[in-house]
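*Asks:* Before we start, here is the structure in question, set down as structure tokens.
The values are calculated or read from the model by the stated rules, or taken from the named source; none is laboratory data. Here the structure is a predicted model, which is why all the values come from computation and not from measurement. Every residue, glycine as well, gets a Cβ built from its backbone with ideal geometry; the counts of neighbours run over all protein chains shown. Surface areas here come from the heavy atoms of the whole protein model, side chains and all, with no ligands, DNA or RNA. Shrake-Rupley method; radii C 1.70, N 1.55, O 1.52, S 1.80 Å.
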Amino acid sequence: MTTLVSTASDSIISSLGIGARYKPFEHHGMYEFFERARAAEPVFFCPEINYWVVTTREDVLLLLRDATSFSADIALAPVTPLAPEALAILKAGMGAEPTQVNCDPPKHDRIRRVAGRFLNARRFETLVPDIRRLAREAIGALEGRAEVDLVADLVYELPARVLFLLMGIPADDAPRIKRWAGYRILMTFGDLSPEEQRRGAEDMVAYWRYCVALVNDRLRRPESDYASFLIAHRGEVEPELSDNEIISLVFGLLLAGHESTTNLSANALLALLSHRPSWQAICSDTSLIPGAVEEVLRFSTSIVCWRRRTRAATVLQGVTIPANANVLLALGAANYDAKLFPEPERFDIKRPNASEHVSFGRGTHFCIGAPLARLQLMVLLEEIVRRYPTLALVEDQPIEYTRTIAFRGPKRLMARLGS
Ligand code: HEM
């Protein structure tokens with residue numbers, strides 16, 4: 001009986017195409033699924049979220065690079081429609097407007113011109129001594145413990161504390177900002193219940209008010225941080241940056257600047273510690289760390305999918321995607337495209353072209369924080385291999401991921417410190 005039922009549903013599913021089998025919020029098996037999709041149906045429609053999904057590197061790059069034909073305006077739209085109660089809370093309390101990742105040119109380019117003068121590789125380099133100090137403090141706090149959760153105890157707050165150096169935010173605010181950011185991710189990229197959405201909406205409003213207060217404070221008393229820079233340089237573009245645009249930029253960075261780095265750091269520790277020869281190699285030769293960071297970005301990036309909207313009907317791989325359609329760019333799948341990366345499922349810290357991953361996007365919206373994310377992970381790895389070369393994962397632990405279409409990183413990562 002069971003066989004008959006499952007055979008019938010299997011045939012219905014297969015007539016709907018591979019998209020009916022795609023589980024966009026589920027991370028286990030995601031890479032294997034993308035592999036099969038790229039071979040069988042490289043562009044498919046997923047009815048569960050009403051998105052077309054693009055899995056080849058070539059197509060992902062095409063969409064990322066063409067900001068005229070493909071709008072980024074849906075990048076932060078809730079993928080699960082919000083319940084009326086949550087919407088009402090957000091409508092009453094939130095004032096964020098598109099400024100960067102979900103904003104199209106020309107407004108995007110005008111804003112990025114000012115933001116990019118503050119957020120750039122030169123400034124990030126000056127942070128290295130502080131990044132090292134913060135990494136050492138976090139590693140030092142593990143001292144004396146036999147077993148630790150590398151997520152909660154090491155990489156959860158660390159990237160936020162680094163970002164706070166740029167934003168002039170006290171370290172003590174990390175717990176609430178991390179909580180707000182976690183909810184914001186789930187509201188935007190997850191599948192929360194209406195009740196969870198209501199709580200999430202309240203958190204988002206609190207998060208927004210925090211940014212309003214921060215910018216208002218810098219309008220009265222400028223310091224040397226991001227908001228103060230934007231205020232001081234607002235007149236360098238036409239029209240000048242408004243107060244609301246500045247608050248929206250601060251609100252945007254206070255998420256973009258740490259959540260994905262937390263996840264990437266956890267992914268890096270998971271990949272390196274579960275491929276012991278790679279871990280041992282970076283322990284004995286730290287000059288291998290920059291290559292290892294690129295391979296982690298390729299092999300297990302922390303943002304597996306990103307989004308665009310078609311402005312006109314578009315043909316990809318012989319499939320017509322209609323105008324005004326939602327498109328999910330499977331960055332993780334593109335990073336496993338065997339056309340460029342031979343044996344993509346092999347973790348190889350010496351892979352010569354690993355840095356050709358698309359984990360930071362490409363083109364107009366290319367991640368402004370990419371150099372900082374790389375620096376942070378390099379410093380963290382240098383410090384941890386120096387202090388705990390014997391670090392080892394607790395065997396056979398289940399790895400769980402939060403249910404989102406985009407952000408990917410283990411919730412917990414139990415490890416023994418060794419000597
Ligand atoms: C591992 C860490 C990170 C990953 C994987 C990541 C990934 C991304 C991706 C995929 C995009 C969108 C690209 C597109 O739409 O074409 C993006 C944009 C952005 N990222 Fe990151 N990011 C990371 C860290 C950071 C950090 C540390 C910062 C800030 C200090 C940052 C700030 C931004 C901003 C502001 C944008 C919007 C840029 C624009 O639209 O002009 N990101 N990032």
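*Asks:* Read phi for every residue in region 283-292 and hand back ³J(HN,Hα) as whole Hz from Karplus 6.51 cos²θ - 1.76 cosθ + 1.60, θ = phi - 60°, with x for Gly and Pro.
*Replies:* Once rounded to whole Hz, the list reads 5, 8, 8, 5, 5, 7, 5, x, x, 4.
*Asks:* So if I place +1 on the C-beta of Lys and Arg and -1 on the C-beta of Asp and Glu, and nothing else carries charge, what would the dipole magnitude of region 22-416 be about its Cα centre? I want it in debye, nearest 20.
*Replies:* Charge dipole, region 22-416, about its Cα centre: 520 debye, nearest 20.
*Asks:* Accessible area of the chain with a 1.4 Å probe: how many percent of it is carbon plus sulfur? Before the final figure, lay out each step's value.
*Replies:* Details: 9910 of 17880 Å².
Here it works out to 55 percent.
*Asks:* Provide the per-residue ³J(HN,Hα) series for region 392-404, in order, calculated from phi with Karplus coefficients 6.51, -1.76, 1.60 and θ = phi - 60°, each as a whole number of Hz, with x at glycine and proline positions.
*Replies:* With coefficients 6.51, -1.76 and 1.60, one gets 8, 5, 5, 5, 6, 7, x, 9, 10, 10, 6, 7, 9 Hz.
*Asks:* Along the charge dipole of region 22-416, Cβ charges K/R +1 and D/E -1, which of Ser278, Met167, His27 sits furthest on the positive end?
*Replies:* Value computed over the given set: Met167.
*Asks:* Then there's this: Probe of 1.4 angstrom, ligands and nucleic acids ignored: what's the accessible area per residue over region 43-101, in square angstrom?
*Replies:* Accessible area per residue, region 43-101: 44 Å².
*Asks:* Taking amide H positions as placed in the peptide plane 1.01 Å from N, state which residues far from Trp52 in sequence (5 or more) or on other chains have amide H under 5 Å from it.
*Replies:* The list, which skips near neighbours in sequence, is Cys46, Asn326, Val327, Leu328.
*Asks:* With θ set to phi - 60°, apply the Karplus curve 6.51 cos²θ - 1.76 cosθ + 1.60 along region 247-261 and write out the HN-Hα couplings as whole Hz, x wherever there is a Gly or Pro.
*Replies:* Result, ordered by residue: 4, 5, 5, 5, 4, x, 5, 5, 10, 4, x, 9, 4, 6, 6 Hz.
*Asks:* While we're looking at this one, here's another question. Name the residues whose placed amide hydrogens come within less than 5 Å of the amide hydrogen of Arg412, ignoring near sequence neighbours (fewer than 5 apart) on the same chain.
*Replies:* Here Glu400 satisfy the definition.
*Asks:* Here's a follow-up. Going highest first, how would you order 316-326, 242-252 by mean Cβ packing within 10 Å?
*Replies:* Order by mean packing, descending: 242-252, 316-326.
*Asks:* While we're on this one: Suppose a student asked you for the relative contact order of the chain, using Cα pairs under 8 Å spaced at least 6 residues apart; what percent would you report?
*Replies:* Averaging sequence separation for qualifying contacts and normalising by length gives 26 percent for the chain.
*Asks:* Distance from the Cα centre of region 336-352 to that of region 150-229, in angstrom?
*Replies:* 35
*Asks:* For a bin width of 20 Å, list the pair-distance distribution of the chain built from all Cα-Cα distances, rounded to whole %.
*Replies:* Histogramming the chain at 20 Å steps yields 25, 58, 16, 0 percent.
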